[in-house]
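Peer 1: The structure follows.
The values are calculated or read from the model by the stated rules, or taken from the named source; none is laboratory data. Just so it is clear, the structure is predicted and the values come from calculations on it, not from any experiment. Positions of Cβ are generated from backbone atoms using ideal geometry, with glycine treated the same way; all protein chains shown enter the neighbour counts. Surface areas here come from the heavy atoms of the whole protein model, side chains and all, with no ligands, DNA or RNA. Shrake-Rupley method; radii C 1.70, N 1.55, O 1.52, S 1.80 Å.
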Amino acid sequence: MTNFNAVSATNTEHAPSGNGLSSQSAAFSHYNNLSVQLPIDPSTGNLVAGGIKEQADQCFKNIEAIVNHLGHVMSDVARLSVFVKDIQDVDAVDEVFKTYFPTYVPSRTTVAVAALPMDALVQIEALVTHGEGTIPNAPQAGDLIKLTNNTPNAPVSPLSTQTVSFSHYNNLSAQLPIDPKTGRVVAGGAKEQAVQCLKNIKAILESIDVPFDDIVKTTIFLTDLSDADVVDDVYKTFFPDSAIARAVAYVPARTVVQAAALPLGASVQIEAVVSHGDGTPPQEIEDRHGIVIWARNTDNAPKNPLSTQTVAFSHYNHLSAQLPLDPATGKLVDGGAKEQAEQCLSNIKAIVESIDHVLEDTVKVNIYVKDLSDLDEVNEAYKSFFPEGTPARRVVGASALPHGALVQIDAIVGNAEGTPPNA
């Protein structure tokens with residue numbers, strides 16, 4: 001990484017090791033990206049004994065150990081992602097959650113997935129604020145304020161904040177298709193549910209005076225990928241949202257994945273990461289106003305009219321999930337999970353290099369695998385692209401992936417130069 005910022009990888013013996021495949025935390029600029037935490041006792045390397053509550057408690061203990069090692073506290077967590085095997089276990093996880101977040105609650109995503117590594121019942125991931133930044137030997141802005149906001153025009157939950165802003169990003173809770181007036185899932189199918197999810201996101205953004213087109217990344221969870229076309233039709237009516245965005249056909253980076261189940265029996269859930277040009281005080285005026293969104297595509301990776309390959313804002317590049325598609329043919333590559341993982345990572349590498357960065361600038365990698373028994377093959381490919389194992393990492397067993405793929409990978413990449421105004 002050039003200039004001042006550098007990816008800062010951190011590990012502590014008080015949390016499970018990434019076994020050379022990942023760092024427990026990869027900090028860049030004003031955020032610490034933590035690897036997803038399994039319910040592993042770091043002293044034994046094994047899953048803890050007990051059921052869902054014991055496993056959830058161990059996940060949170062591991063997160064707290066990493067957070068404390070960074071010199072932070074749990075109230076510095078901006079967003080949590082909770083992955084369970086059985087959606088019925090969420091209530092038990094929530095009981096444990098309350099003991100770690102008794103007053104402040106971060107934004108949150110909760111999803112039931114097909115499988116988790118080590119056959120765990122739960123794994124939990126955290127994004128942590130990093131006020132001091134990663135400029136060597138000097139504070140970046142110091143003591144930035146974390147802003148939280150809830151509006152009655154979107155669903156309100158005592159277990160999550162609708163949006164948590166820190167520095168140049170708004171981190172939104174994943175939105176379910178809940179009518180905020182009734183507190184219930186809207187009537188209808190995937191189309192109506194997708195509309196409500198996006199309406200809720202729009203209401204949250206309007207409540208903080210942020211345009212809808214300031215969304216840089218969406219993640220769409222569907223319980224049935226056959227609903228993807230219907231959801232895409234809805235998506236097109238929301239993006240682009242403004243004359244400026246329409247003029248350049250701007251759409252955010254995007255990931256689509258099938259979940260085993262979603263809260264409240266929903267069929268659709270949508271998560272958004274949103275730019276925050278004003279920043280959070282006490283950032284200096286010249287450091288925050290007029291930052292622009294940079295959306296980039298390259299012919300050396302697959303293109304999709306509904307997503308941009310990478311959207312940069314301030315000090316982060318958010319990449320769309322990459323499928324194992326050969327960009328020359330638009331088709332899945334031949335071979336199994338190893339070959340598909342290699343193609344996904346080759347596509348990511350091509351995108352990263354097209355914006356004058358290198359893979360070593362990657363701070364977070366999310367891997368979705370159709371069959372977790374393929375993980376050894378995926379890891380073999382992964383090591384050849386990330387031999388130092390620096391990025392934080394998430395691995396999830398997905399019920400299904402687009403195009404019938406075995407593997408799908410997305411990434412977040414540091415952006416040392418940031419995205420200043422054009423003038």
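Peer 1: What's the carbon and sulfur percent of segment 59-195's accessible surface, probe 1.4 angstrom, rounded to a whole number? Mind dumping the intermediate values first?
Peer 2: Values: 2700 of 5390 Å².
The nonpolar share, carbon plus sulfur, comes to 50 percent.
Peer 1: Now for a separate question. Which percent of the accessible heavy-atom area of segment 316-423 goes to carbon and sulfur, probe 1.4 angstrom?
Peer 2: 46
Peer 1: On to the next question. Ignoring everything except DSSP H segments at least 4 long, calculate the 222 nm mean residue ellipticity for the chain; use -39,500 (n - 2.57) per segment, divide by total residues, nearest 500. Kindly include the intermediate steps, with their values, before the conclusion.
Peer 2: Working: 8 runs with 97 residues, N = 423.
Dividing the helical sum by the residues of the chain leaves -7000 deg cm²/dmol.
Peer 1: Hey, another quick one. Compute the distance in nm between two label points, each set 7 Å from the Cα along the Cα-to-Cβ direction, one at residue 296 and one at residue 334.
Peer 2: So the label points at residue 296 and residue 334 sit 3.3 nm apart.
Peer 1: I would also like to ask the following. How large is Rg over Rh for segment 333-416, taking Rg from the Cα atoms and Rh as the Kirkwood inverse mean of 1/r across Cα pairs?
Peer 2: 0.95
Peer 1: Using the heavy atoms of the protein chains and a 1.4 angstrom probe, tell me the accessible area per residue for segment 180-229 in square angstrom.
Peer 2: On a per-residue basis, segment 180-229 sits at 44 Å².
Peer 1: At a Förster distance of 45 Å, what's the computed FRET efficiency of residue 358 paired with residue 182, Cβ-Cβ distance as r, to 0.05?
Peer 2: 0.35
Peer 1: Calculate the all-directions average of the projected area of segment 1-69's alpha-carbon convex hull, and give it in nm².
Peer 2: Details: hull surface 20.4 nm².
The number I arrive at for segment 1-69 is 5.1 nm².
Peer 1: Whole number please: convex hull volume per residue of the Cα set in segment 136-266, in Å³?
Peer 2: Cα-based convex hull of segment 136-266, divided per residue, equals 152 Å³.
Peer 1: Of the options 198, 52, 347, report the single residue whose Cα projects farthest towards the positive end of the charge dipole of the chain (beta-carbon charges: Lys, Arg +1; Asp, Glu -1).
Peer 2: 198
Peer 1: Where q = 0.22 Å⁻¹, what log10 of I(q)/I(0) comes from the Debye formula for segment 47-104, counting one point per Cα?
Peer 2: -0.92
Peer 1: Also, I was wondering about something else. Residue 79: accessible area at probe 1.4 Å, nearest 10 Å²?
Peer 2: Counting only protein heavy atoms, residue 79 exposes about 30 Å² to solvent.
Peer 1: With N denoting the number of residues in the chain, provide Rg(C-alpha) divided by 2.2 N^0.38 Å, to two decimal places.
Peer 2: Cα-based Rg divided by the globular estimate yields 0.90.
Peer 1: Given the Cα atoms of segment 254-392, and with Rh set as the inverse mean 1/r over their pairs in the Kirkwood sense, what is Rg to Rh to two decimals?
Peer 2: Rg divided by Rh gives 1.01.
Peer 1: Given N residues in segment 1-153, what is its alpha carbon radius of gyration divided by 2.2 N^0.38 Å?
Peer 2: Compared with the compact-globule rule of thumb, segment 1-153 sits at 1.08.
Peer 1: Under a Cβ-only charge scheme (Lys and Arg +1, Asp and Glu -1), can you give me the dipole magnitude of segment 171-222 about the Cα centre, in debye to the nearest 20?
Peer 2: Approximately 240 debye in magnitude.
Peer 1: With all protein chains present, how much of the accessible area of segment 3-51 (probe radius 1.4 Å) comes from carbon and sulfur, to the nearest whole percent? Write down the numbers at each step before the final one.
Peer 2: Working: 950 of 1980 Å².
On segment 3-51, the fraction of accessible area on carbon and sulfur atoms equals 48 percent.
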